[in-house]
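Asks: Dropping a structure here in structure tokens format, bear with me for questions.
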Amino acid sequence: MPTNLPPAYFEVQERLRAATTSAERIELVQELLSVIPKHKGTEKLRGDLKRRLARLRAQAQAPKKAGARESAFHIAREGAGQVVVVGPPNVGKSALVAALTNATPEVADYPFTTWEPTPGMMPVEDIQVQLIDTPPLSREHVESELLQLIRHADLVLLLVDLQADPFLHLEEAVALLEEHRIVPRHRMARFAGQQGYLFLPFLVLANKCDDPSTEEDCTIFRQLLEEEWAVLPVSVTTGRNLDLLKRTVFDLLEIIRVYTKVPGRDPDMESPFVLRKGSTVADLAGRIHKDFLEKLKMARVWGSGVFEGQAVQRDYVLHDGDIVELHIS
Ligand SMILES: Nc1nc2c(ncn2[C@@H]2O[C@H](COP(=O)(O)OP(=O)(O)OP(=O)(O)O)[C@@H](O)[C@H]2O)c(=O)[nH]1
Ligand SMILES: [Mg+2]
């Protein structure tokens, strides 16, 4: 049964994806329901949306439990990926998050300034990545909630201070995390056959690489590292390599951006869908709505490795930057 959704549906859906409050979402789901033509082909979609509306309304009305304070360490995932900034005290974690995001954690010239994590959104090209400033890693006080926060992240940025003892910083932080079964992914082979370890991608940021005098320290630091760490010298103070850092984070998240278009219209280049590398046309359709996935016939793709508007099947693997027009029956 054809769905025949009007372009207005896709416009409202885009706004729904960008909505941040439940009030906005309720209004937009109502709007979606009002623009969908009422016939047999859209019955299921309308049913889904009605259920979604009921859920949103119930959530909005649920009384907040008195006295139940959400832990500051429980941070809802937002944007294209969740990246934790960890490291020993006073290395510049809060300064980095303050420089790259809209968050304003306290920065001070003494250790243990930060007690609670602070999330912020970092724009990377046309998407947003969540960066989380965290309290320092220290043997004296290992916060189990901090470890839990790290376990849920997609990527760990491990900051060390090039003007202090970066090698010791790295060794101690990694040893502490490994004792709690959080292991840099490139060390996976060492833990072969052992249960219960979590492997995460790590990027080491050698911070406070402010001027040419610190270059040499950076070279020595790299030489001391015997394994294949991904290391980037940065300076939050001078902004050195911060743009490269954003791009490196994007690459390490292993995601792609895909832009959608409605037949006969210009593509929506404003708000890409963010998918895992290796995702297919079917994955994109499923992300939009499960009805799309079921009814997907073929797609046209503008992007790398195809001619303009090439027809592809549902198992076609998408690339970063592709524009996709989904055709449903
Ligand atoms: N020279 C220099 N100083 C920096 C740089 N980045 C941060 N700092 C300074 O380092 C000090 C510590 O910065 P914070 O951001 O508070 O460090 P932190 O890692 O969050 O510290 P804790 O919250 O205590 O763990 C502050 O005085 C910052 O101004 C940098 O790139 N170069
Ligand atoms: Mg801090």
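Only the coordinates and a few stated rules stand behind these numbers; no lab work does. Note that the structure is a prediction, hence the values are computed from the model and not measured. Virtual Cβ from ideal backbone geometry, glycine too; neighbours counted across all protein chains shown.
Asks: Tell me, what ³J(HN,Hα) does each residue in segment 141-150 have, in order and in whole Hz, if you take phi through Karplus 6.51 cos²θ - 1.76 cosθ + 1.60 with θ = phi - 60° and put x for Gly and Pro?
Replies: Karplus-based 3J(HN,Hα) across segment 141-150 equals 9, 9, 7, 5, 5, 5, 4, 5, 4, 5 Hz.
Asks: Which residues' amide hydrogens lie under 5 Å from the amide hydrogen of Ala19, considering only partners 5 or more residues apart or on another chain, with H built in the peptide plane?
Replies: none
Asks: Give me the distance between the Cα centres of segment 289-310 and segment 187-229, rounded to whole Å.
Replies: The two parts, judged by their Cα centres, are 40 Å apart.
Asks: Report, to the nearest 10°, how far helix 43-61 tilts away from the longest principal axis of the Cα atoms in the chain, using its own Cα long axis and a range of 0 to 90°.
Replies: The helix 43-61 is inclined about 50 degrees to the chain.
Asks: Which distance in nm do the two modelled labels at Glu14 and His327 give, with both placed 7 Å along the Cα-to-Cβ direction?
Replies: Between Glu14 and His327, the label points sit 2.2 nm apart.
Asks: Given H placed on each backbone N at 1.01 Å, which residues far from Ile255 in sequence or on other chains put an amide H within less than 5 Å of it?
Replies: Lys277
Asks: What is the packing order of peptides 54-62, 5-13, 253-261, taking the mean over residues of other C-beta atoms within 10 Å and listing the highest first?
Replies: My ranking of the peptides, most packed first, is 253-261, 5-13, 54-62.
Asks: At 222 nm, what value in deg cm²/dmol follows for the chain if DSSP H runs of at least 4 each add -39500 (n - 2.57) and the sum is divided by all its residues, to the nearest 500?
Replies: Theoretical 222 nm ellipticity from helices: -10500 deg cm²/dmol.
Asks: Please state, as a whole number in µm²/s, the translational diffusion coefficient that the Stokes-Einstein equation yields for segment 93-153 at 25 °C and 0.890 mPa s, with Rh defined as the Kirkwood radius across alpha carbon pairs.
Replies: My calculation gives 198 µm²/s for D.
Asks: I'd like the distance separating the alpha-carbon centroids of segment 72-124 and segment 1-62, in whole Å.
Replies: Centre-to-centre distance over Cα atoms comes out at 35 Å.
Asks: Quick one: Karplus J couplings for segment 217-228, per residue in order, coefficients 6.51, -1.76, 1.60, θ = phi - 60°, nearest Hz, x for Gly and Pro?
Replies: Per residue, the Karplus-derived 3J(HN,Hα) values read 4, 5, 4, 4, 4, 4, 5, 5, 6, 7, 9, 7 Hz.
Asks: Same structure again: Starting from the 7 Å offset along Cα-to-Cβ, what nm value, one decimal, do you get for the label separation of Arg52 and Glu106?
Replies: Roughly 4.2 nm, to one decimal.
Asks: Also, I was wondering about something else. Suppose each label sits 7 Å from its Cα in the direction of the beta carbon; what would the Ala60-Asp211 distance come out to in nanometres?
Replies: That separation, rounded to one decimal, is 5.7 nm.
Asks: State which entries of Lys50/Lys290; Lys93/Lys208; Lys50/Lys297 exceed 18 angstrom in Cα-Cα distance in the structure shown. Mind showing how you got there, number by number?
Replies: On the way: Lys50/Lys290 15 Å; Lys93/Lys208 11 Å; Lys50/Lys297 26 Å.
From Lys50/Lys290; Lys93/Lys208; Lys50/Lys297, over 18 Å: Lys50/Lys297.
Asks: Give me His169, His74, His319 ranked fewest to most by other Cβ atoms within 10 Å of their Cβ, as a rough exposure proxy.
Replies: Lowest to highest Cβ neighbour count: His74, His319, His169.
Asks: Next up: Using amide H atoms built 1.01 Å from N in the peptide plane, name the residues 5+ places from Phe112, or on other chains, whose amide H lies under 5 Å from its own.
Replies: Correct list: Asn90.
Asks: Could you give the length gained on full extension between Lys38 and Ser138, defined as 0.36 nm per residue of separation minus the Cα-Cα distance, in nm?
Replies: Additional length available on full extension: 30.0 nm.
Asks: Follow-up question, since we're still on this one. For a footprinting-style exposure proxy, rank Leu224, Leu200 by other Cβ within 10 Å, fewest first.
Replies: By the 10 Å Cβ count, ascending: Leu224, Leu200.
Asks: Something else about it: Work from the charge dipole of the chain (Cβ charges, +1 for Lys and Arg, -1 for Asp and Glu, about the Cα centre) and give the residue of Trp229, Pro201, Phe112 farthest towards its positive end.
Replies: Pro201
Asks: Here's a follow-up. Could you calculate the FRET efficiency of Asn4 with Asp251 from 1/(1 + (r/R0)^6), where r is the beta carbon distance between them and R0 is 35 Å, rounded to 0.05?
Replies: That pair, Asn4 with Asp251, gives E of 0.30.
Asks: Could you work out the percent of alpha carbon pairs in the chain separated by over 32 Å, rounded to a whole number? Mind showing how you got there, number by number?
Replies: Details: 22838 of 53956 pairs.
Summing the P(r) tail past 32 Å for the chain gives 42 percent.
Asks: Ok, one more. Taking a quarter of the surface of the convex hull around the Cα atoms of segment 105-210, what do you get in nm²? Present the calculation step by step, with values, prior to reporting the outcome.
Replies: Working: hull surface 32.3 nm².
Value for segment 105-210: 8.1 nm².
Asks: Another question about this same structure. Is segment 251-329 best put as rounded, prolate or oblate by its Cα gyration tensor, with a ≥ b ≥ c the root eigenvalues, rounded for a/c under 1.5, and otherwise prolate when a/b is larger than b/c, oblate when not? Each step should come with its number before you reach the end.
Replies: Details: a/c = 1.42, a/b = 1.20, b/c = 1.18.
It comes out rounded by the Cα gyration axes.
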